[in-house]
Every structure is written in structure tokens, then in C-alpha cells.
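Trainee: Supplied in C-alpha cells, the structure appears directly below.
Throughout, read-outs are computed from the coordinates displayed, never taken from laboratory work. These figures come from a predicted structure and were not determined experimentally. Ideal geometry is used to build each Cβ from the backbone, glycine not excepted, and the neighbour counts take in all protein chains shown.
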Amino acid sequence: MGNAEMSEFKSEPDYESVANSTEFQELLSKRRKFIFPLTIFFLLFYFSLPLLTSYTTILNAPAIGDISWAWIYGLAQFVMTWVLCSMYVKKSASFDHEAKQIISDQLEEGGRVE
């Protein structure tokens, strides 16, 4: 194969055209729609414990024997962290797969993504 024939096949994706493609922009939009609500929920849930324990007495009531609601809420934060982390890992794997698919589609089309 000559140089002219080799230049027809791209081995490196054109990342600027990938970033500007509608498929990639839709992927970014889906990712934002997933991450933003999760982040807001996490921050609200996380910062409400110190606020509730500092400025109210609502969590001081006993829940189970001598264990107060503050302890249960604190334990729930650990559970929430693991659950959100698991959700993010699974979802981010699908986002990564979609991004790889967009790049491979661009390479198959000879570097053009629309």
C-alpha cells in the first residue's frame, strides 16, 4: 500500500469531531442528567445530619432502646454512600461503552462524525 492508500484509513480518532458530534453531546447530556440529581441528593442527605443534630433535637429521640435516630441516620449515610457508588459504577460503565462506540463508529466512517 502506498502513502495515499494508508491515509484513507484513520487509526486515530479525530477527538474534536467526536466532541462536536450530536451523539457525543447526547451522551454528555444523559450523563449530566444522571450525575446532577445524584449529587444534589447526596449533598442534601450528607449535610442534613450535622444541621439536624446541631440546630434541632429531632434526632435525639430513642429509636431502638438506647440507640437514637442520629445513630441510625449516621449508619444510613454509610449505606447511602455504598448504594450511590454502586449505581454510579454501573451507569458509568454504560457511558464508557457508549463513548467507545461513538469513537469506533467515527473510525469506521473514516473520521467523520456528524
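Trainee: Identify, from the list Leu52, Leu75, Leu38, Leu43, the residue that is hydrophobic (A, V, I, L, M, F, W, C), closer than 30 Å to Asn20 by Cα, out of contact with any strand residue (DSSP E or B) (no Cβ under 6 Å at 6 or more places or on another chain) and in a helix (DSSP H, G or I).
Mentor: Answer to the selection: Leu38.
Trainee: Here is a follow-up. Of the residues Leu43, Leu28, only one is closer than 30 Å to Trp69 by Cα and without any contact (Cβ under 8 Å) to a residue 60 or more places away in the chain; which?
Mentor: From the options Leu43, Leu28, the qualifying one is Leu43.
Trainee: Also, quick follow-up: Sort through Leu51, Leu59, Leu44 and tell me the only one that's surrounded by 12 or more Cβ atoms within 10 Å (Cβ to Cβ) and under 25 Å from Val79 (Cβ atoms).
Mentor: Only one candidate qualifies: Leu59.
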